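**Q** Take a look at the following structure, please.
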Amino acid sequence: MHEMVPGKRFDRYHELGQYAFGEKLGLYIVVPQQLIVEVGVCIVYMVTGGKSLEKFHDTVCSTCKQIKLTYFIMIFASVHFVLSHLPNFNSISGVSLAAAVMSLSYSTIAWGASVAKGVQPEVQYGYKAKTAAGTVFNFFSGLGDIAFAYAGHNVVLEIQATIPSTPEKPSKGPMWKGVIVAYIVVALCYFPVALIGYWMFGNSIEDNILISLEKPAWLIAMANIFVVIHVIGSYQIYAMPVFDMIETVLVKKLNFRPSTTLRFFVRNFYVAFTMFIAITFPFFGGLLGFFGGFAFAPTTYFLPCIIWLAIYKPKKFGLSWWTNWICIVFGVCLMVLSPIGGLRQIILQAKEYEFYS
């Protein structure tokens, strides 16, 4: 839908929403959801970066004094106080490439080390929860985890906007190839880890498989550093549109003068805000389930389908009509059910957790 109108490119998700639903309504529908997604991802990446740094420290120096997770999250955030001042998407393309290579690398280490470790004694493959209600809630949270895995749709138009386009060679050609390559990489990362990890550890596996693995120490330490490099790149990809939105509102609506000082304060404040929330709620699994359903389901699973139906108006009860409506119903169910499971998980973990400890 990026270039569905001849001679026009929808470079932002909200521009497409405005075309489908009208100037004001389009903004109100799309922007809050996109913001929740992007801020949610940044918070989760802060937690992930901090936990991976902690695991790296504990693996490399098992006899060293224990350092609080809070400090590791702050160390991770310090990188973003610098990187956040890069001007645009193209300037972080090198970081993005490094992130993609790291994803493949640490995923391969994760399943490779799991195979080397072998099936654990007394491994159990049953449900983790002891009650039927617990099992159902965990299932809801699991759906949210899966939804979180496909977060890229929220910035897909912003990414496509960086590809040159002419009537003879529209941007959808290279973009489509890029999407196919991206999903092949996604499959290569997720499936072996999910299947082999569960086979070896069963239901006792940690939210982050690299936390379950201990040996060989040098390899697990390296994998955790790969995770850190990956989430540094990914954080920037999701933070860029937020910077863009905040700075646009401040300049256009509140009449601030566009300047380096404005950028400096806005970007540093945003990094500090996501760091503070991550330090307060460092629950990786629960956050995934909650944000996966609450924020990702609308912008990934049903909002694009609603926009498609609103603009193209396919024939009622035809294949396109049915396909989109099935996605809409599934997406709405996901949005309602997943946050319940994720929130329950956060509450259960928070019971045993001392805030800022």
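**Q** Run the helix sum for the chain: -39,500 (n - 2.57) per DSSP H stretch of 4+ residues, divided by residue count, reported at 222 nm to the nearest 500 deg cm²/dmol.
**A** -24000 deg cm²/dmol
**Q** Further question: How do TRP111, TRP199, TRP321 stack up against each other in accessible area, from largest to smallest, with a 1.4 angstrom probe?
**A** Correct descending sequence by accessible area is TRP199, TRP111, TRP321.
**Q** What do you get for trypsin sites (Lys or Arg not before Pro) in the range 1-68 restricted to DSSP loop and a cutoff of at most 11 other Cβ within 10 Å of the site's Cβ?
**A** Filter output for the range 1-68: LYS8, LYS65.
**Q** Between THR261 and LYS68, how many nm apart are label points set 7 Å from Cα along the C-beta direction?
**A** 3.4 nm
**Q** I've got another one for you. Quantify, in whole percent, the carbon and sulfur part of the accessible surface of the range 249-290 (1.4 Å probe; protein heavy atoms only).
**A** Within the range 249-290, the accessible surface is 74 percent carbon and sulfur.
**Q** While we're here: Could you give me the ³J(HN,Hα) list for the range 32-43, computed from phi with Karplus coefficients 6.51, -1.76, 1.60 and θ = phi - 60°, whole Hz, x at Gly and Pro?
**A** With coefficients 6.51, -1.76 and 1.60, one gets x, 5, 5, 5, 4, 4, 5, 5, x, 4, 4, 5 Hz.
**Q** Identify all lysines with a Cα-Cα distance to LYS51 below 26 Å; exclude those on the same chain that are fewer than 8 residues away in sequence.
**A** LYS65, LYS68, LYS117, LYS128, LYS215, LYS351
**Q** Enter the angle in degrees (range 0 to 90, nearest 10) between the Cα long axis of helix 93-117 and the first principal axis of the Cα atoms of the chain, meaning the one along which they spread out most.
**A** Computed tilt is about 30 degrees.
**Q** Moving on. Run the 1.4 Å probe and let me know the accessible area of HIS230, rounded to the nearest 10 Å².
**A** Surface open to solvent at HIS230 totals about 30 Å².
**Q** Grab every C-alpha pair in the chain, bin the distances at 20 angstrom width from 0 up to the longest one, and report whole percents.
**A** All Cα pairs, binned at 20 Å, distribute as 26, 59, 15, 0 percent.
**Q** Further question on the same structure: With labels modelled as points extended 7 Å from the Cα through the Cβ direction, what inter-label distance (nm, one decimal) is found for LEU35 paired with THR131?
**A** In this crude spin-label approximation the distance works out to 3.7 nm.
**Q** Another question, then. Under a plain spin-label model, where a point goes 7 Å from the Cα along Cα-to-Cβ, how far apart in nm are LYS215 and VAL186?
**A** Label at LYS215, label at VAL186, 3.7 nm between them.
**Q** Roughly how many Å² is the accessible area per residue of the range 13-352, as a whole number, for a 1.4 Å probe?
**A** Ligands and nucleic acids excluded, the result is 52 Å² per residue.
**Q** Which whole-Hz couplings ³J(HN,Hα) result when phi for each residue of the range 124-130 is put into the Karplus expression 6.51 cos²θ - 1.76 cosθ + 1.60, θ = phi - 60°, listed in order with x for Gly and Pro?
**A** So the J values, rounded to whole Hz, are 10, 10, x, 5, 6, 6, 8.
**Q** Something else: Roughly speaking, what is the stretch gain from LEU309 to LYS8, that is 0.36 nm per residue apart minus the C-alpha to C-alpha distance, in nm to one decimal?
**A** Difference between extended and current length: 106.4 nm.
**Q** Relative contact order of the range 13-352: what whole-number percent is it, with Cα pairs under 8 angstrom and at least 6 residues apart?
**A** 33 percent
**Q** Once Lys and Arg get +1 and Asp and Glu get -1 on their Cβ, which of VAL228, GLY286, PHE256 lies farthest toward the positive end of the dipole of the range 192-290?
**A** PHE256
The values are calculated or read from the model by the stated rules, or taken from the named source; none is laboratory data. Here the structure is a predicted model, which is why all the values come from computation and not from measurement. Every residue, glycine as well, gets a Cβ built from its backbone with ideal geometry; the counts of neighbours run over all protein chains shown. Side chains included, ligands, DNA and RNA excluded: accessible areas come from the protein's heavy atoms. Shrake-Rupley method; radii C 1.70, N 1.55, O 1.52, S 1.80 Å.
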